[in-house]
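**Q** Shown below is the structure under consideration.
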Amino acid sequence: MKLAKNAVILFQGDSITDCGRNRTEQDKANCGMGGGYAYFTATELCLAHPDKDLKIYNRGISGNRITDLYARIREDFINLKPDVISILIGVNDTWHTFMYNGGVSVPKYERIYRELLMEIRAELPKTSFVLCEPFVLNCGHVKPDWVKEMNLRRAFVKTLAKETGSIFVPFQSEFDKAVKLAPPEYWASDGVHPTPQGHMLMTRAWLKAVGL
């Protein structure tokens with residue numbers, strides 16, 4: 001991917017993207033980015049491209065499911081007019097199903113995710129999408145049934161990326177490699193939320209996939 005001068009990059013998702021971001025700073029480019037992969041990635045991008053004056057935003061919200069992202073499609077996607085939108089969503093759609101009976105079924109997840117992209121593209125035809133693979137690690141809150149369902153969501157996101165000409169970031173694949181070097185808890189202590197090193201692993205995977 002080539003970034004134009006003054007390109008606007010938007011990170012969207014749930015708590016993994018949110019990662020404690022400062023809401024009072026969210027409308028200031030490159031501020032209020034939180035402490036996770038969105039922050040690390042923004043830092044690497046700005047360091048590598050100081051001549052481009054990139055404008056990077058984090059609008060991830062803890063607890064969000066695909067239905068929540070769709071509900072804020074205007075305010076937190078289209079109105080920002082981003083050149084690049086990076087989306088990581090899916091773990092709460094499963095987690096809330098098994099823990100609170102409030103998740104989003106796989107078929108509905110697929111339908112709404114596709115509609116989300118189509119509606120954004122209709123209004124912002126030049127915007128590029130980076131679709132990140134939802135992931136879990138086998139520790140903490142994660143149960144075997146989660147893994148089976150998450151596999152379906154992961155497969156869909158990869159297919160959707162191909163269908164829409166989007167970049168696909170294989171986070172699960174990278175974590176699967178990483179757990180051969182250190183236990184799952186080293187990368188995500190509860191199986192869902194990455195540790196600092198887990199977030200940095202995500203940043204490296206994102207930059208590699210996007211080619212930046």
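**Q** May I ask you to compute the full-extension gain from L124 to Y70, defined as 0.36 nm times their residue separation minus their alpha-carbon distance, rounded to one decimal in nm?
**A** 17.9 nm
**Q** Taking the Cα centre of the chain as origin, work out the dipole magnitude from +1 charges on Lys and Arg Cβ and -1 charges on Asp and Glu Cβ, in debye rounded to 20.
**A** With Lys and Arg at +1 and Asp and Glu at -1, about 420 debye.
**Q** Note down, for segment 1-143, the three equivalent ellipsoid semi-axes (square root of 5 times each alpha carbon gyration tensor eigenvalue), biggest first, whole angstrom.
**A** That gives 26, 18, 13 Å for the three semi-axes.
**Q** Moving on. Taking only C-alpha pairs under 8 Å that are 6+ residues apart, what is the relative contact order of segment 1-99 in percent?
**A** Once divided by the residue count of segment 1-99, the mean separation gives 41 percent.
**Q** Okay, moving on. So what is the relative contact order for the chain, in percent, with contacts set as C-alpha pairs under 8 Å and at least six apart?
**A** About 22 percent, as a whole number.
**Q** If you don't mind, there's one more thing I want to ask. How would you rank R154, R74, going from fewest to most other Cβ atoms within 10 Å of each one's own Cβ?
**A** Ascending number of Cβ neighbours within 10 Å: R74, R154.
**Q** Still on this structure, I have one more. Run the dipole for segment 5-128 about the Cα centre, Lys and Arg Cβ at +1, Asp and Glu Cβ at -1, nothing else charged, and hand back the magnitude in debye, nearest 20.
**A** 180 debye
**Q** To continue, here is another question. Which residues among segment 42-78 fall inside the zone where the amide N is under 12 Å from a point 7 Å beyond the Cα of R114, along Cα→Cβ?
**A** Answer for segment 42-78: none.
**Q** Determine, for R111, R21, the number of other Cβ atoms within 10 Å of each Cβ, and report the residues in order from fewest to most.
**A** So the residues, fewest neighbours to most, are R111, R21.
**Q** Just L152, L47, L201 to compare: in a GNM of the chain, with alpha carbon springs under 10 Å, which one fluctuates most?
**A** Most flexible of the set in this elastic network: L47.
**Q** So what's the net charge close to G34: Lys and Arg +1, Asp and Glu -1, counting the other residues with Cβ under 9 Å from its Cβ?
**A** Overall, the nearby charge balance is 0.
**Q** Relative to the present Cα-Cα distance, how much length would full extension add between N22 and D51 at 0.36 nm per residue of separation?
**A** Using 0.36 nm per residue and subtracting the Cα-Cα distance, I get 7.8 nm.
**Q** While we're looking at this one, here's another question. Using the Karplus curve 6.51 cos²θ - 1.76 cosθ + 1.60 with θ = phi - 60°, what ³J(HN,Hα) values do you get for each residue of segment 127-137, in whole Hz, with x for Gly and Pro?
**A** Result, rounded to whole Hz: 6, 9, 10, 10, 9, 9, 5, x, 8, 9, 10.
Every read-out reported here was derived from the displayed coordinates using simple, explicitly stated rules and does not represent laboratory data. From a predicted model like this one, the values you see are computed outputs, not experimental measurements. All Cβ positions, glycine included, derive from the backbone under ideal geometry; neighbour counts span all protein chains shown.
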